[in-house]
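Take a look at the structure set out below.
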Amino acid sequence: MVGSQPAAASLPVLSILSVLLTCSLCCFGKVSARALLADGASSNMTELQKHVSFFDRNKDGIITPLETFQGFVAVGCEIAFSSAAATTVHGALAPFTNPPGALPPYVNIYVKYIHRAIHGSDTGAYDSKGRFVQEKFDEIFKKHAHIKRDALTLPELEEMLTFNRDFLDPASWPAAEAEWQLIYQLAHDRYGFLTKKRARGIYDGTIFVELEERRKSLHSDT
């Protein structure tokens, strides 16, 4: 991303594109939002909670499909992609992250319970509670960064994704592929490298803030 405008992102696998965004944009089931956020101040959040909180645009602890759509647009994705991605993300994650006792339809994502939606075929840099695991993060580059020790090319990223596939859980492959492909498209530098520093920012969501600020800056200059 450094030195070049973020490319319009395209997701290689969107498993629920047929779901209508219009039904997703309704904000159902916003139960006890402030109560759920009470112990979710940034200093007490896990890295995974920080990662998804970028999309919680009003910081109430609940991410609606509209907020996810707005978040994707904010980092430089096209409108059509952002609509499809918001639908897909909420269709996949919302059922796992709703609080106990919540009734369907499950449309919103609750930041407090995002760890319940961790999928297989991932790097292991989040533990089961969503906490960051430095050793697993370092392994990504030790194992797969061949040209530069602190950065990944797209082929090296593909190698990592293949290496991490859980062959007992093939349903988890598309999610990992889609996430990392999007991250690479938005965050690689002008030479095609996704650096370790920028990859670290993925895990706590700071890369999203940087992308949004850069997009605002580019628009203000035009």
Flag if LEU194 is within 19 Å of PHE137 (Cα to Cα) and either modelled with pLDDT of 90 or more or open to solvent by less than 30 Å² (accessible area, probe 1.4 Å) (or both): yes
Qualifying residue in the stretch 145-152 (condition: surrounded by 19 or more Cβ atoms within 10 Å (Cβ to Cβ), in a helix (DSSP H, G or I), in contact with a helix residue (DSSP H, G or I) (Cβ under 8 Å, 6 or more places away or on another chain) and aliphatic (A, V, I, L, M)): no
Some residue of the stretch 205-216 being among the hydrophobic types (A, V, I, L, M, F, W, C), farther than 19 Å from GLU135 by Cα, assigned to a helix (DSSP H, G or I) and open to solvent by 50 Å² or more (accessible area, probe 1.4 Å): yes
Residue under evaluation GLN181, criteria (1) closer than 30 Å to ASN44 by Cβ; (2) modelled with pLDDT under 95; (3) part of a helix (DSSP H, G or I), criterion not met: (1)
Any hit, the stretch 90-113, residues being charged (D, E, K, R), under 16 Å from GLN49 (Cβ atoms) and either in contact (Cβ under 8 Å) with a residue 24 or more places away in the chain or in a loop (DSSP other than H, G, I, E, B) (or both): yes
Hits in the stretch 58-77 (condition: closer than 15 Å to LYS216 by Cα and either touching a residue at least 24 places away in the same chain (Cβ under 8 Å) or crowded, with 19+ Cβ neighbours inside 10 Å (or both)): GLY71, PHE72, ALA74, VAL75, GLY76, CYS77
ALA199 vs. criteria open to solvent by less than 60 Å² (accessible area, probe 1.4 Å) and more than 24 Å from PHE72 (Cβ to Cβ): no
Answer from SER42, SER53 - the residue that is modelled with pLDDT under 90, under 17 Å from PHE208 (Cα atoms) and of a type in the set (Gly, Ala, Ser): SER42
Test for ALA117: is it aliphatic (A, V, I, L, M) and over 25 Å from PHE167 (Cβ atoms): no
Those residues of the stretch 163-188 which are surrounded by fewer than 18 Cβ atoms within 10 Å (Cβ to Cβ) and under 19 Å from the mean Cα position of the chain (by Cα), in sequence order: ARG165, ALA171, SER172, GLU179
Residue match in the stretch 133-153 (condition: in contact (Cβ under 8 Å) with a residue 60 or more places away in the chain, out of contact with any Pro (no Cβ under 8 Å at 6 or more places or on another chain) and closer than 14 Å to ALA175 by Cβ): no
Candidates ASP138, ASP127, ASP122 - the one that is acidic (Asp, Glu), buried (at least 17 other Cβ atoms within 10 Å of the Cβ) and within 18 Å of TYR203 (Cα to Cα): ASP122
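The values are calculated or read from the model by the stated rules, or taken from the named source; none is laboratory data. None of these values were measured; they are calculated from a predicted model. Neighbour counts are summed over all protein chains in view; Cβ atoms, including those assigned to glycine, are modelled from backbone coordinates with ideal geometry. When the accessible area is computed, the model is the full protein with side chains, heavy atoms only, and any ligands, DNA or RNA have been set aside. Shrake-Rupley method; radii C 1.70, N 1.55, O 1.52, S 1.80 Å.
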